[in-house]
Amino acid sequence: MAEGYVQRRLAALLAADAAGYTRLVGRDEVGTLGALKEIRAELIDPKIAAHKGRIFKTTGDGVLAEFTSVVNAVACAVEIQQAMSDRNSALSEDRTIEFRIGINVGDVIVEDGDLFGDGVNVAARLEGIAQVGGVIVSGAVRDHLGNRLDLQFDDIGEQTLKNVERPIRAYAVRLGDPAASPVTNTFFSDKPSIALLPFVNMSDDPQQDYLADGITESIITGLSRFRDLFVIASNSTFAYKGKAIKIQDASRELGARYILEGSVQRSKERVRITAQLIDGKTGRHLWAERYDRGVDDIFAVQDDVTERIIGSLATAYGGRLLKVWQERPEASGTRNFQALDYFVRGMEAVNHFTKDGNLLARDLFEKAGELDPKFGKAFAKLAWTHLMEACEGWGEDPEASLANGLKYANLAIERDSAEAWGYYALAGHSLFCGRSGGAIAEFQRALELNPNDADVMMDFASCLSCAGRAVEGLEVAQKAIRLNPLHPEWYVLQLGQICHDAHRYDEAIAAFQSLRSVETVNLYLYLAASHAALGDLVDAKKAVERIKQMDPSATITGRTGPEMTPYKNPSDLKHLRDNLRSAGLKE
């Protein structure tokens with residue numbers, strides 16, 4: 001290719017990917033790979049060829065194909081999904097494989113038979129939000145297609161897609177019965193899924209925001225204790241604070257079937273709380289209530305609101321959830337809203353994943369614990385500030401940091417044994433001390449107490465990876481991200497490390513490159529290792545140079561010690577070190 005010349009063309013792009021691939025491979029690797037090979041050979045590849053398409057890239061579980069005609073691309077996608085549906089109808093549920101498909105039309109860069117550019121990225125991201133067994137097309141595809149195919153489309157609105165600068169209008173192809181209910185891109189869990197939007201402070205005093213936020217957080221915490229509920233994490237729902245949004249949009253974006261919204265208005269002596277539960281799919285109001293109580297009754301009101309929400313969702317279970325709620329032990333957690341305010345601010349600081357942010361968070365968690373000595377979660381997170389100091393190399397004495405982590409983890413359990421995060425912190429201490437078996441046991445205990453805690457789940461995924469179970473860890477990580485769709489960036493950092501451990505280097509690199517606010521030495525260590533594993537020594541050395549800028553004394557031995565890379569199996573540590581050696585990091 002001549003220097004300065006870039007070959008471009010307009011293309012219709014189809015991205016197809018097997019849903020739940022990691023789970024399927026983990027359950028039956030040989031059978032899954034054989035079935036996928038058969039589907040490619042007998043169905044997908046012939047369909048693409050028949051519609052004059054060309055496969056230009058493949059992954060273990062998917063393909064990217066180019067078509068010169070938008071009509072051909074869409075017709076091909078519909079035929080693939082219909083054929084897959086027919087194939088699966090003859091199989092038992094545990095043997096079915098289903099695909100998601102996304103289609104876009106746009107300008108692409110051509111290089112050695114491969115295609116690159118925003119047009120390809122959009123197709124891949126549309127595939128990621130498609131329903132299992134479904135097809136989603138961009139607005140550009142819908143416009144090009146016109147009425148050339150006898151299909152119906154459901155407008156699912158503008159979508160904010162990862163690593164795509166502008167929102168993309170998207171349409172779901174209505175497969176099967178054209179008279180069926182419109183399709184949305186919401187993936188509802190097989191459990192009742194709920195998102196609690198931040199309660200609105202209706203008081204004249206903006207300082208009362210903490211009361212509305214505290215009530216919101218308290219209800220989410222109560223709901224998250226139930227295995228029969230799928231509860232969206234608070235840092236995802238709090239992104240909607242102060243914003244006017246349609247309930248259906250929030251439901252779709254958060255992946256929650258039910259939305260709870262409400263308001264809090266406090267006067268000198270009394271507090272009024274309103275709450276309403278809405279079906280996010282239809283917009284129908286399912287339940288509404290208003291509470292007008294004395295300020296001294298505020299915690300009884302919180303409990304009453306949560307109990308009524310559970311009751312409204314429990315009807316499909318014969319009252320089972322309501323019975324569990326009525327028989328619960330006294331709810332743990334803070335009853336001091338100033339302590340909760342310190343805790344929330346501490347979480348914001350620690351999620352920056354910097355040394356200064358970690359120290360600020362430690363100070364805020366200490367203040368929360370001083371105000372409410374029974375606030376176990378504050379002491380648990382205080383423990384994590386010491387553990388992070390050890391694993392990120394932010395302190396002078398890793399052994400002392402680990403000792404402090406253990407001290408505060410035990411204190412968290414002592415102060416509130418019903419709170420999952422004490423055991424979560426204890427799990428972190430065990431992991432960084434090289435006891436992965438003990439760490440897994442503590443993580444499992446934490447998740448028994450609160451199975452919907454995405455933070456615990458994400459670190460558990462990392463623990464599994466360090467224990468030599470990277471494929472399983474990847475599946476747990478993906479579930480954590482699903483549970484908390486607006487997750488902090490440290491989730492992506494963990495995901496990248498797990499992908500490297502699972503030898504899925506392209507996915508690791510994509511995860512690391514998507515980070516915008518988190519930048520650590522560990523990030524560049526695993527980025528360098530992933531590039532080196534793929535033979536891309538140019539980018540590997542660039543990552544090593546960034547490591548040297550951040551830590552001039554960095555070496556393989558110094559940055560892959562037991563606290564920083566607590567692998568159970570020597571082969572996993574060797575895998576990382578060999579890749580770093582290839583990347584050019586000194587011993």
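Tabulated values for the structure
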item	result
Residue count, segment 552-565 (criterion: surrounded by 15 or more Cβ atoms within 10 Å (Cβ to Cβ) and more than 29 Å from the chain's Cα centre (by Cα))	2
Segment 566-579, subset surrounded by 14 or more Cβ atoms within 10 Å (Cβ to Cβ) and free of Cβ contacts under 8 Å to residues at least 40 places away in the same chain, residue nearest to LEU402 (Cα to Cα)	LEU573
Failed item, numbered, when ARG23 is tested on (1) crowded, with 17+ Cβ neighbours inside 10 Å; (2) of a type in the set (D, E, K, R); (3) at pLDDT below 90	(1)
Top-ranked residue in segment 479-500 [being within 27 Å of GLY535 (Cβ to Cβ) and of a type outside the set (A, V, I, L, M); ranked as surrounded by the most Cβ atoms within 10 Å (Cβ to Cβ)]	GLN497
Those residues of segment 53-99 which are in a strand (DSSP E or B) and in contact with a Ser or Thr (Cβ under 8 Å, 6 or more places away or on another chain), in sequence order	LEU64
Only listed residue being in contact with a strand residue (DSSP E or B) (Cβ under 8 Å, 6 or more places away or on another chain), at pLDDT below 80 and within 20 Å of GLY53 (Cβ to Cβ), chosen from GLY102, GLY113	GLY113
Checklist (1) surrounded by fewer than 22 Cβ atoms within 10 Å (Cβ to Cβ); (2) closer than 24 Å to GLY393 by Cα applied to HIS503, failing item	(2)
Inter-residue pairs, beta-carbon under 8 Å, first without any contact (Cβ under 8 Å) to a residue 24 or more places away in the chain and in segment 56-75, second surrounded by 19 or more Cβ atoms within 10 Å (Cβ to Cβ), 6+ apart	THR58/LEU64
Residue within segment 246-256 that is modelled with pLDDT under 75, in contact with a Ser or Thr (Cβ under 9 Å, 6 or more places away or on another chain) and of a type in the set (Gly, Ala, Ser) present	no
Verdict on LEU426 being crowded, with 19+ Cβ neighbours inside 10 Å, modelled with pLDDT under 95 and assigned to a helix (DSSP H, G or I)	no
The lone exception for ASN452 - which of (1) touching a helix residue (DSSP H, G or I) at 6+ places or on another chain (Cβ under 6 Å); (2) farther than 25 Å from ASP356 by Cα it fails	(1)
Filter result for LEU151 (in the same structural domain as ARG54 (by TED's automatic domain parsing), surrounded by 20 or more Cβ atoms within 10 Å (Cβ to Cβ), farther than 30 Å from GLY31 by Cα and over 30 Å from the mean Cα position of the chain (by Cα))	no
From GLY146, GLY113, GLY157, GLY133, residue being surrounded by fewer than 15 Cβ atoms within 10 Å (Cβ to Cβ), touching a residue at least 24 places away in the same chain (Cβ under 8 Å), on the phi > 0 side of the Ramachandran plot and assigned by TED's automatic domain parsing to the domain that holds GLY34	GLY113
Strands (runs of 3 or more DSSP E) contained in segment 232-300 and holding at least 1 residues polar (S, T, N, Q)	258-266, 270-279
Any hit, segment 409-418, residues being part of a helix (DSSP H, G or I) and crowded, with 24+ Cβ neighbours inside 10 Å	yes
Subset of segment 270-293 (residues that are at pLDDT below 80 and under 24 Å from GLN207 (Cα atoms))	TYR291, ARG293
Among residues of segment 491-510, those that are of a type outside the set (Ser, Thr, Tyr) and within 26 Å of ASP249 (Cα to Cα), counted	1
Count of residues meeting criterion [among the aromatic types (Phe, Trp, Tyr) and in contact with a Phe, Trp or Tyr (Cβ under 6 Å, 6 or more places away or on another chain)] in segment 452-500	2
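The values are calculated or read from the model by the stated rules, or taken from the named source; none is laboratory data. The model shown is predicted, which means the values in this text are computed figures rather than measured ones. Using ideal geometry, Cβ is built from the backbone for each residue, glycine included, and neighbour counts are taken over all protein chains shown.
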